[in-house]
Every structure is written in structure tokens, then in C-alpha cells.
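Since every read-out is calculated from the coordinates, none of them should be taken as a lab result. Note that the structure is a prediction, hence the values are computed from the model and not measured. Neighbour counts run over all protein chains shown; Cβ positions are idealised from the backbone, glycine included.
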Amino acid sequence: MTQITPREIPPAALNHLIENGYSPGLAKIFAARGITASRQLETSFAHLLPFDRLKNVHEMAHLLADAIAARKKLLVIADYDADGATACAVAVRGLRAFGARVDFIVPNRFEYGYGLTPEIVHLAALSSPDILLTVDNGIASVDGVAEANRLGMQVFVTDHHLPGDTLPDAACIVNPNQPGCTFDSKNLAGVGVMFYVLLALRAELRTRGAFLTQIEPKLAELLDLVALGTVADVVKLDQNNRILVQQGLQRIRSGRACAGINALLQVAKGGKQASRVADARKKTPSKVSSLDLGFTVGPRLNAAGRLDDMSMGINCLLVDDATAALQIAAKLDALNRERRSIETDMQDSALAVLESVNPSDGFSLALFDESWHQGVIGILASRLKDKFHRPVIAFAQANNGELKGSGRSISGLHLRDALDLVSKRYPALINKFGGHAMAAGLSIDAADFAEFVTAFEQVASELLNANDLLLRIETDGMLPPDEMTLDAARLLDEQVWGQGFPAPQFNDDFKVQSQRVVGEKHLKLRLMAHGQAIEAILFGYNEALPEQIHAVYSLSINEYNGSQSLQLIIRHWE
């Protein structure tokens, strides 16, 4: 069952925004997202939070400056998702600009798993670095840091994940979520943390007179990477993150992005028939939005870590030659198409299993198929969670008789805490787990899958109630006909939307004037509302709609043969 509810609009906030020059339509949208003062919408670099309140950032800047002066060898330990890849690229580009000797490695998720493990430390030691610098990982790497210390390598940790009970014995840790850190935004992505470290390093080098005889590097040149990693990691877009994203988007739109991002946009734009909403958004760099970074560029970068080796993605972001970048981007695009194919097959097999099971009979779903791919189970869990509005964990075959699971949850069930409860009740059931409220990963013995299904369902049934399983779609209400325009779509496209600051969507009654299937599995529609005819598209659905529908939709810009027109994207209908 689905419940469509309009977002609340505080009258005082709405009036304040209108008085400060915002149109009533935009003011309603911002007020419904918690904006109470126009200053909260400032996105100039001058309003970025200063780095000074990041715990240990001055110490790390000092240590890095000493390492650069001593010509020590640094090795960046990256993570295999888009945040980790962009954080690595920011670290390598920034540190090299400051004169550091620096290289990187990234764990292959299928061989080494996540983070600075002892095995990764041994791999890193082969290149004899003096310092290991983690990006987007490391806060939980107690054993890995201990092994690095034993082998005589210092470890500098930059991360944004929640720490465990024990911090690693690193030479320095910068993480806004570590105990005692008073930085006002706890939502920095890993790439944002690394960017802040570079801001502090530049300040430290200034005090040492490093730029008296050489040109000072412009760190703003890294903001396109910061924007991409921030959006792709689905961190909350508080004001500070919106500033980082907006500043990065401005660089991309003005043609100043790195060769890799431009190449990823180019291969996406040149793709075949759109197969989902994301690819309907293919644009030139001058028209890129935050949603394009999340749904078009991010998945192609992530495909390397899901199916192959994220080194390919990082190299795409590091190379400066446009031709070389395009060659790598084409490989990433091919991997993304392969990922989609695997995902579709996995989803089909999961739905086939569920044909004999009524998901409404339970509070959770835990599924396993020996043919499923480890790199795609997280996406599968997310798709099934969206479809059935229940916490879902999808498992794939791993090594040594283990299954690796990736889970996604709904509001009402903190997934990491739920797994913690399972592990306390059944101490031998889960080999290891980690994560946060909405996503988590774990490993279990293959022989224990059935027992885990029962245990997880028991915990979910205790933490959730029937009301939690009701899918609620929040909208910005009914859009007046005079605001359902191409100019309105352009205005909305220019804003920064994402996690915690959702893109606007509206709902209304429509008469279906015409409909036809395009691309074999999408409906191209002509709708009528309030005496106005408008084009629309419904992705992933190819059966005929009734003559009258109530729909949740968003405004989009359809580009064809160089011309633009307004098009609604139908998100839900009944």
C-alpha cells in the first residue's frame, strides 16, 4: 500500500524566502526542506566551513608538510567506490601539486575486502612507502594499522565513517565523526575530508614560505572531483556539502572539469537507448546537474569497483590527456552496461523466487542465489527494497564456504543495529558485519543461511510494525499549470539536490490521451491536466495505463535534435 503525502511548508519560512526574492514556487520547495533563512541557501566558497575545527587537521597538515620536505614516499590507500576513487584522485592530484612523492593502490574487493587490512598493508609494503594515507577508509582498520606500524610505516587516516569502540593507533586521524571533533558538518564524504586536509596543508605550507618561489596550487581545481564523490556517496547534502557540490558543478559547466569527468559525461551522452531514468538525463557538461553526477557519472565510475578493479576508475580521474581519458571512460561505460545486464538477470531471478513467496507475509527479505555477483548484490538489495518496502539483504557466494551479504533498509529499522542484535542472540551466526542505518554488509557461513533468514526476520518483526511497511511518497503537492513550464524545469535543474535535500516531485490527476511503448520497456505518454497537454515518460513499465491516473512526477528537460521541451517523468501512478 502506498500513501502520497504533501510535505509541510512552514509559513514563516515561506514568507521569509519570498521577502528575500525567491519565487513562491521555489520558496515553497526550499521551506519544505527545512530552509528557514535565505543565508542557508548561500553556495559561494566564502560560506564554506573553515577547516580549523576538524580535529587533528593542523597536526596532519604539519606531518604532511614535513613528509613533503623530507621527500618521503606516500602511498594512498583508496576505497573501491566512487567516493573512494574521487578521494584518491583528490589526494594524488593535490599532494603532487604540493611537490609530494605519492602513488596509490586500491584493494580489489573480491580479493581483499574493505579497508586497510593486514593483507593490504603487506601489498603496500612491496613498494616500500614511508607513509600510508587512507582515504574514505581506515577508521575501523585497527589490525591493519597495527601491522603497518610493526613494519615501520606511518599511517595517516582520513575517513568519514562512524568509528568503532577502538580507534586505530595511527599517527594521525582526521574524521569529522571521531570522538571530540567539533566540526559543524558531520556529513562530509571521504572526498570532502581529503579536500579539507589539503586546505589545511596549503595553509601550513604558506606559513613555511613554500610559495615564495613557486606558484601556489589552486585547490579549487579539484572541486569537480569533490562534487562527484559527494553526490555519488549519497551523503546528506547539508549546506556545507551543497556548497562543495555547487562549486564543483560550476567548474564542470564552465568546461573546467578534469579530463576524466568530461570523458565519462561524453560516453554517457553517446550511449544507446536509455534503459532507465538516469540515462534520460544525458547532457553536455554545460547543462550538468547534481542528479547527473549521481545517476550518470557515478554509476560508470562505480562499475570498475563492482566488476573489475577501481584502479581503472581512479586512473580515468588522474589522466590529463583527453584521448586517454576517453579510452578509459569507454571501458568503464562497457563495464556499466555489463553491470546493468547482470543486475537485470539477478533481479529477474529474485522475483522468480518471490513468486512462490508473498513478501507481505513478513517484515524482511533475505535472498541468496549461487549465480549472483558480489559486486551487484547491493544494487539488487536496493531495487528489491524499493519494490517491496522492506529491509532486504542479498547474498552472493564468497570464498571459503562463506556468503557475503549487502543490505538496504527502510525508515524504522536501523540495519546495522538490527544485525548487531542478531549477532548478540546468535553469537556464531554472523562472521562479521558493519554499516549504518540504511545500508550494511556482512558475511555468514553458507550452511547458516536458512538460520540467518529466520533470525533476521524475527528481529525485523520486533523492530517494525505494519505501519512502517506502508510506503510513503512525499511530494511538493500539486503544481499550478502556470508553473509546469520548461523555464521551471530549467530553474529546478540548476539547484543542488540529493540525499537529505530531495529533488522536487509533484502529484496530480491526469487523463491519458495517448501512450506507446518505446525502447521495449518504457511508456511514452501524452497527458492532459487542467486543460494543458504535456508529454511524459514512465520508465520500466510497458503495459497500458487506464484513461485516468493519479501520478507522482518530476519536471525534466527532453532534448532532441538540438531543441528542448518539457517532459514529465512519472515516478509513481495509481
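Taking amide H as placed 1.01 Å from N in the peptide plane, the amide H of residue 508 sits under 5 Å from that of 551, each at least 5 places away or on another chain.
Simple point charges give the picture: +1 on the Cβ of Lys and Arg, -1 on the Cβ of Asp and Glu, and for the range 195-265 a dipole about the Cα centre of about 160 debye.
Could you give the length gained on full extension between residue 236 and residue 165, defined as 0.36 nm per residue of separation minus the Cα-Cα distance, in nm?
23.2 nm
Measuring r between the beta carbons of residue 119 and residue 486 and using R0 = 56 Å, the FRET efficiency lands at 0.55. Using a simple spin-label model with pseudo-atoms 7 Å out from Cα toward Cβ, residue 184 and residue 494 lie 2.6 nm apart.
Taking the range 400-504, how much of its Cα-Cα pair set, in percent, is spaced more than 22 angstrom apart? Mind dumping the intermediate values first?
Working: 2687 of 5460 pairs.
Percentage above 22 Å: 49.
In this label model, residue 520 and residue 354 are separated by 2.2 nm, measuring between points 7 Å along each Cα→Cβ vector. The calculated 222 nm mean residue ellipticity attributable to helices in the chain amounts to -12000 deg cm²/dmol, summing -39500 (n - 2.57) over DSSP H runs of n ≥ 4 and dividing by all residues.
Filter 55/236; 28/511; 236/424 down to the pairs with a C-alpha to C-alpha distance above 28 Å, please. From the list (55/236; 28/511; 236/424), the Cα-Cα distance tops 28 Å for 236/424. Note on the chain: with charges restricted to the Cβ of Lys and Arg (+1) and Asp and Glu (-1), its dipole about the Cα centre is near 1460 debye. One entry in (i) 25.1; (ii) 26.6; (iii) 25.8 is Kirkwood radius over Cα pairs in Å calculated from the shown coordinates; its label is (i). Candidates 394, 478, 347 compared by Cα position along the dipole of the chain: farthest toward the positive end lies 478, with charges placed on Cβ.
Among 126, 58, 410, which residue has its Cα positioned farthest towards the positive end of the charge dipole of the chain, with +1 placed on the Cβ of Lys and Arg, -1 on the Cβ of Asp and Glu, and the dipole taken about the Cα centre? Of the options given, the answer is 58.
Relative to one another, the C-alpha centroids of the range 557-574 and the range 311-370 are positioned 25 Å apart.
Each residue of the range 2-7 was assigned a 3J(HN,Hα) from its phi angle through the Karplus curve 6.51 cos²θ - 1.76 cosθ + 1.60 (θ = phi - 60°); the sequence is 10, 10, 9, 10, x, 5 Hz, with glycine and proline shown as x. In order along the range 310-325, the phi-based Karplus estimate (6.51 cos²θ - 1.76 cosθ + 1.60, θ = phi - 60°) of 3J(HN,Hα) comes to 5, 4, 4, x, 5, 4, 4, 7, 9, 6, 9, 7, 4, 5, 5, 4 Hz; Gly and Pro are listed as x. Charged side chains reduced to their Cβ positions (Lys and Arg at +1, Asp and Glu at -1) give the range 51-220 a dipole of some 740 debye around its Cα centre. Take every pair of alpha-carbon atoms less than 8 Å apart whose residues are at least six positions apart; their mean separation over the length of the chain yields a relative contact order of 12 percent.
Using per-residue counts of other Cβ atoms within 10 Å, averaged over each peptide, order 472-478, 355-361, 248-254, 230-236 from highest down.
230-236, 248-254, 472-478, 355-361
Between residue 437 and residue 9, the contour length at 0.36 nm per residue exceeds the alpha carbon distance by 151.4 nm.
Shape index of the range 51-220: Rg/Rh, with Rg the Cα radius of gyration and Rh the Kirkwood radius from the inverse mean 1/r over Cα pairs, equals 0.94.
Annotation: amide H of residue 366 within the under-5 Å range of 393, sequence separation 5 or more or interchain, hydrogens built in the peptide plane.
Straight-line cross-link partners of residue 331 among the lysines, defined as a Cα under 21 Å from its Cα and at least 8 positions apart when in the same chain: 269, 272, 282, 283.
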